[in-house]
1. Does any residue in the range 46-74 that is more than 17 Å from residue 87 (Cα to Cα) come within less than 6 Å, Cβ to Cβ, of a residue that is surrounded by 13 or more Cβ atoms within 10 Å (Cβ to Cβ) and of a type in the set (Gly, Ala, Ser) six or more places away or on a different chain, and which pairs are these?
2. In the range 1-37, what count of residues is obtained for those that are under 16 Å from residue 101 (Cα atoms) and modelled with pLDDT of 90 or more?
3. If a residue must be touching a Gly at 6+ places or on another chain (Cβ under 7 Å) and within 11 Å of residue 7 (Cα to Cα), how many such residues does the range 43-92 contain?
4. Scan 88, 3 and give me the residue that is free of Cβ contacts under 8 Å to residues at least 24 places away in the same chain and polar (S, T, N, Q).
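The values are calculated or read from the model by the stated rules, or taken from the named source; none is laboratory data. Quick caveat, the model's predicted, so the values are computed rather than measured. Every residue, glycine as well, gets a Cβ built from its backbone with ideal geometry; the counts of neighbours run over all protein chains shown.
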Amino acid sequence: MATNMNFKASDGITLTAAVMGRMGALEEDAPASLVEWATDKADELRKALEKHPDVIVRVMPTLGFAMRVEGHRKRLIAELHAAGGWGTFASDGETNEYRTAGEMLDEADEQLRED
């Protein structure tokens, strides 16, 4: 995946493929465990986004996942950590770690709206 791609939960399978591609789970030699893990995490993100219809996730090949609220310019960067938890970091470099995509999106949505 060479370009940034924007997604909402309604993009379903395309969002899942983009997240899995970002995680390297679409490579020919990707272990089955990585494919399964990436599929679960992509599905978790898609389901969490359904509760945040104004949040757009941009899947970026080099930085991970950036989020913004529809109509706002402010963005937050998110990463999926090796332990399976989601986290965000702002431009000040401060990192906030959350356990699930839902918790991360709740916090991100709130922060994005505070501008």
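1. Going by the 6 Å Cβ cut-off, the qualifying pairs are 50/9.
2. Result for the range 1-37: 1.
3. Residues in the range 43-92 being touching a Gly at 6+ places or on another chain (Cβ under 7 Å) and within 11 Å of residue 7 (Cα to Cα): 1 in total.
4. Exactly one of 88, 3 is free of Cβ contacts under 8 Å to residues at least 24 places away in the same chain and polar (S, T, N, Q), namely 88.
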